[in-house]
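A short worksheet on the structure shown next.
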Amino acid sequence: MAETKRNEPIVTHIYTADPSAHVFEGKLYIYPSHDLDHEMVSNDNGDQYDMEDYHVISMEGEGAPAVDHGEALHLRDVPWASKQMWAPDAAYKNGIYYLFFPARDKDGIFRIGVATSESPAGPFKPEPNYIPGSFSIDPAVLVDDDEKAYIYFGGLWGGQLEKWQTGTFNPDGAEPPASEPAYGPRVAELSDDMLTFKEAPQEISIVDENGHPILAGDEDRRYFEGPWMHKYNGRYYLSYSTGSTHKIVYAVGDNPKGPFVFKGTILTPVIGWTTHHSIVQFQDKWYLFYHDSSLSGGADNKRSVKFTELKYNPDGTIRTIDPYNN
Ligand code: FUB
């Protein structure tokens, strides 16, 4: 196994994407999507992202080899799911590891499921049904310092978030006009056993420095998909992909449910259409995990997880990272 280097794929024997990185049991554990090595035509519905399982990858640290722990969960073992196992996240609470993952149900509607394991490397045993009341994609879970856990989720276009604005699935649901507030990601506190929502998900408000909502037409700043929540100096940092403008950006607040004030760009566009990340503190450094399609020569659906160091300015803002020059 090769040593891991900044800005290079952490593994090359499989394609990986959408990395959710955590420190568990003193090691870095990465929960990525597992992109399949098959030819697909790209479309706005994301049909090219036709993944069927998850592998968990761990690293003792920067420079150490990345270890693929093998298949941690497969579509065939999830009774409610039909296809497209997209970006997952993991959390630890109650002495149990939880894997949260989106997939389409038997009606083709994205839902979010949960699976459990005694080990951060899996294998994970799925619950028989998706989380009641769940919808859309890209779950990210924060277990806060007071042990309350929050799940963040939602993604436009293939992720179907715009189809849920009335509270039920509307196949004709569309994005708002450019001059209206953008749709925000959703957040819900999780139940103590982490298997259900404790409350109905609520929409997160992302505002500019004057308190005005970020508008749907502001594609450099509006929420698209891939939420991640981390804390730095006691403040809550919501970061996400802008989708059509291919940036990872962030907004900061003082409450896990927001509102969040837009601050700036964390990662400029990568090779490939999607961009998706996580942020984790490990030992004395902060790391950005991200993906790009360089290893596959630019194929949108064949991505590779990479990492680099993330740095803060003294005022708590994050320094923008150029994935190809940092
Ligand atoms: O990997 C499939 C989808 O692509 C993810 O759910 C999105 O965040 C985007 O990375």
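How many residues, within the range 129-154, are part of a loop (DSSP other than H, G, I, E, B), among the hydrophobic types (A, V, I, L, M, F, W, C) and over 11 Å from the mean Cα position of the chain (by Cα)? Write out each step before concluding.
If we filter the range 129-154 for residues that are part of a loop (DSSP other than H, G, I, E, B), which is where we start, we get 129-139, 144-148, 154.
Those still in the list that are among the hydrophobic types (A, V, I, L, M, F, W, C) too: 131, 135, 137.
When the remaining residues are screened for being over 11 Å from the mean Cα position of the chain (by Cα), the result is 131, 135.
Looking only at that region, the number is 2.
Check Tyr92, Tyr54 and return the single one that is open to solvent by 50 Å² or more (accessible area, probe 1.4 Å) and of a type in the set (Ser, Thr, Tyr). Full working, then the answer.
Values: Tyr54 fails: open to solvent by 50 Å² or more (accessible area, probe 1.4 Å).
Of Tyr92, Tyr54, the one residue that is open to solvent by 50 Å² or more (accessible area, probe 1.4 Å) and of a type in the set (Ser, Thr, Tyr) is Tyr92.
Check the range 212-227 and report whether any residue there is under 24 Å from Phe100 (Cα atoms), open to solvent by 10 Å² or more (accessible area, probe 1.4 Å) and not in a loop (DSSP other than H, G, I, E, B).
Step one: list which residues in the range 212-227 are under 24 Å from Phe100 (Cα atoms), which gives 223-227.
Next cut, open to solvent by 10 Å² or more (accessible area, probe 1.4 Å) only: 225.
Okay, now just the ones that are also not in a loop (DSSP other than H, G, I, E, B), so 225.
Within the range 212-227 (the criterion being under 24 Å from Phe100 (Cα atoms), open to solvent by 10 Å² or more (accessible area, probe 1.4 Å) and not in a loop (DSSP other than H, G, I, E, B)), the answer is yes, since at least one residue qualifies.
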Problem set entry | Single residue of the range 13-23 satisfying the filter (open to solvent by 20 Å² or more (accessible area, probe 1.4 Å) and under 18 Å from the mean Cα position of the chain (by Cα)) that is nearest to the ligand (Cβ to nearest atom) | Tyr15
For this session: Go through the residues of the range 190-213 one by one and say whether even a single one is within 16 Å of the ligand (Cβ to nearest atom) and either closer than 17 Å to Gly154 by Cα or not aromatic (Phe, Trp, Tyr) (or both).
Result: no
For this session: Spot the failing condition for Asn43; the list is (1) on the phi < 0 side of the Ramachandran plot; (2) at pLDDT 95 or above; (3) outside any strand (DSSP E or B), and only one is missed.
Result: (2)
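State which residue is nearest to Pro102 (Cα to Cα) when the search covers only the range 119-153 and only residues that are among the hydroxyl-bearing types (Ser, Thr, Tyr) and without any contact (Cβ under 8 Å) to a residue 60 or more places away in the chain.
Residues of the range 119-153 among the hydroxyl-bearing types (Ser, Thr, Tyr): 119, 130, 134, 136, 150, 152.
Keeping just the survivors that are without any contact (Cβ under 8 Å) to a residue 60 or more places away in the chain gives 119, 130, 136.
Working: Ser119: 21, Tyr130: 9, Ser136: 7 Å.
Checked the range 119-153; the qualifying residue nearest to Pro102 (Cα to Cα) is Ser136.
Does the range 69-91 hold any residues that are of a type outside the set (Gly, Ala, Ser) and in contact (Cβ under 8 Å) with a residue 40 or more places away in the chain, and which are they?
Filtering the range 69-91 down to residues of a type outside the set (Gly, Ala, Ser) leaves 69, 71, 73-80, 83-86, 88-89.
Correct list: His69, Glu71, Leu73, Asp77, Val78, Pro79, Trp80, Met85, Trp86, Pro88, Asp89.
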For this session: Could you check, for the range 181-194, whether at least one of its residues is buried (at least 22 other Cβ atoms within 10 Å of the Cβ), of a type in the set (Val, Ile, Thr) and either assigned to a loop (DSSP other than H, G, I, E, B) or touching a residue at least 40 places away in the same chain (Cβ under 8 Å) (or both)?
Result: yes
Exercise. Do you know which residues across the range 94-117 are within 16 Å of the ligand (Cβ to nearest atom) and of a type in the set (D, E, K, R)?
Worked result: Arg104, Asp105, Arg111
Problem set entry | Scope the range 46-71; condition within 16 Å of the ligand (Cβ to nearest atom) and either assigned to a loop (DSSP other than H, G, I, E, B) or more than 11 Å from Pro32 (Cα to Cα) (or both); matching residues | Gly46, Asp47, Gln48, Tyr49, Asp50, Met51, Glu52
Exercise. Quick one: Leu238 ticks every box in (1) within 16 Å of the ligand (Cβ to nearest atom); (2) open to solvent by 10 Å² or more (accessible area, probe 1.4 Å); (3) within 17 Å of the chain's Cα centre (by Cα); (4) not small (Gly, Ala, Ser) bar one, so which box is it?
Worked result: (2)
Problem set entry | Set Leu310, Leu267: member being without any contact (Cβ under 8 Å) to a residue 60 or more places away in the chain, crowded, with 21+ Cβ neighbours inside 10 Å and more than 15 Å from the ligand (Cβ to nearest atom) | Leu310
For this session: Go through (1) in contact with a Lys or Arg (Cβ under 8 Å, 6 or more places away or on another chain); (2) within 28 Å of Tyr223 (Cβ to Cβ); (3) surrounded by fewer than 23 Cβ atoms within 10 Å (Cβ to Cβ) and name the single condition Ser117 misses.
Result: (2)
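Sort out which residues of the range 289-298 are crowded, with 19+ Cβ neighbours inside 10 Å and within 15 Å of the ligand (Cβ to nearest atom), and write them in order of number.
So the first thing to find is which residues in the range 289-298 are crowded, with 19+ Cβ neighbours inside 10 Å, and the list is 289-293, 295.
Hits for the range 289-298 are Phe289, Tyr290, His291, Asp292, Ser293.
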For this session: Could you please find all residues in the range 57-85 being open to solvent by less than 20 Å² (accessible area, probe 1.4 Å) and within 24 Å of Gly243 (Cα to Cα)?
Result: Gln84, Met85
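The values are calculated or read from the model by the stated rules, or taken from the named source; none is laboratory data. The shown structure was predicted, so the numbers you read here are calculated from the model rather than taken from an experiment. When we count neighbours, we look across all protein chains shown, and the Cβ atoms used for this are built from the backbone with ideal geometry, even at glycine. Note: areas computed on protein heavy atoms with side chains; ligands, DNA, RNA excluded. Shrake-Rupley method; radii C 1.70, N 1.55, O 1.52, S 1.80 Å.
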